[in-house]
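A short worksheet on the structure shown next.
The values are calculated or read from the model by the stated rules, or taken from the named source; none is laboratory data. Source: prediction; values computed, not measured. We place every Cβ from the backbone using ideal geometry, glycine too, and count neighbours over all the protein chains shown.
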Ligand code: A3P
């Protein structure tokens, strides 16, 4: 493997944004507040969609904040060096983001009243999204080919290791009342209904017209237009904008435009093998 990474408790991290000391600190000393809400995801699952939705819910549907503050400052990544610097500017209740696997998430969370929204997405679509993302973002290994990258993805030979490990780890929380699972595909199918469910989980009541405003401002088109949300500003160091955009396509099922039948069947076999004893049915299965 030729890309630059280090291991923390068996998980691959990029030295550009992470360090052993920081991960140790986040795991063991990070201060969790009881009213914190954490968006936890495997990369490319719909993390930013949730940040936008929660930014709007927390501000009673007023879009001013989303239109004036960069998305990663509204909900910093707790495990990155940049995220740690940004945390101090947040007011309570904080919405924080993390790609950390279950076994290295801040220990303090598990004795707190804080909440997690775990966003999931069909891993075939995650793979396609990641394939394009890896080409434009500097700290990811540039894919040699679709075929090779697919194998790296299935083997967990990439940053944050495999999707399977991430999901299997976090599903240990599935029956906890402070843990809420939502899928990218459900958001697509019924954004309004999902926003209502998220509000209920957070104990937030907003009237119909405020919910409508949140639906409008968190649509793919609105986020793609919003310079504070579409990663076009302040990202020159991290993203090569000549190669593609962060808000790429925003659809469910794009994998069908990319996978051969053989690749899809191979993926399905690995999926069955890795997920077989989990006894959970996910929204995208059989679609
Ligand atoms: P695609 O590459 O398939 O377009 P993350 O935020 O976890 O990095 O995920 C990024 C993916 O979510 C990208 O997928 C991006 O386009 C998509 N996305 C972001 N905001 C979205 C929205 N409002 N509606 C639909 N998809 C969205």
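Odds and ends about this structure:
- Given (1) closer than 16 Å to residue 50 by Cβ; (2) modelled with pLDDT of 95 or more, index of the condition residue 231 fails: (2)
- If you filter segment 124-155 down to residues that are more than 20 Å from residue 284 (Cβ to Cβ) and within 19 Å of the chain's Cα centre (by Cα), you find that the one that is surrounded by the fewest Cβ atoms within 10 Å (Cβ to Cβ) is 138.
- Segment 20-47 residues that are farther than 19 Å from residue 174 by Cβ, paired with ones that are within 16 Å of the ligand (Cβ to nearest atom) and in a loop (DSSP other than H, G, I, E, B) (beta carbon under 6 Å, 6 or more apart): 26/78; 26/79; 43/99
Yes/no per residue for (1) closer than 19 Å to residue 247 by Cα; (2) over 12 Å from the mean Cα position of the chain (by Cα):
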residue: 31; (1), (2): no, yes
residue: 34; (1), (2): no, yes
residue: 38; (1), (2): no, no
residue: 43; (1), (2): yes, no
residue: 49; (1), (2): yes, no
residue: 66; (1), (2): yes, yes
residue: 70; (1), (2): yes, yes
residue: 73; (1), (2): yes, yes
residue: 78; (1), (2): no, yes
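Residues are listed down the side, and each one gets a yes or a no for (1) closer than 25 Å to residue 224 by Cβ; (2) buried (at least 21 other Cβ atoms within 10 Å of the Cβ):
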{"position": "40", "(1), (2)": "yes, yes"}
{"position": "52", "(1), (2)": "yes, yes"}
{"position": "69", "(1), (2)": "yes, no"}
{"position": "77", "(1), (2)": "yes, yes"}
{"position": "80", "(1), (2)": "yes, yes"}
{"position": "84", "(1), (2)": "no, no"}
{"position": "99", "(1), (2)": "yes, yes"}
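- Counted residues, segment 225-242 - those being more than 12 Å from residue 66 (Cα to Cα) and crowded, with 18+ Cβ neighbours inside 10 Å: 2
- Only residues that are touching a residue at least 60 places away in the same chain (Cβ under 8 Å) and either within 11 Å of the ligand (Cβ to nearest atom) or under 20 Å from residue 259 (Cα atoms) (or both) were counted in segment 132-148, giving 7.
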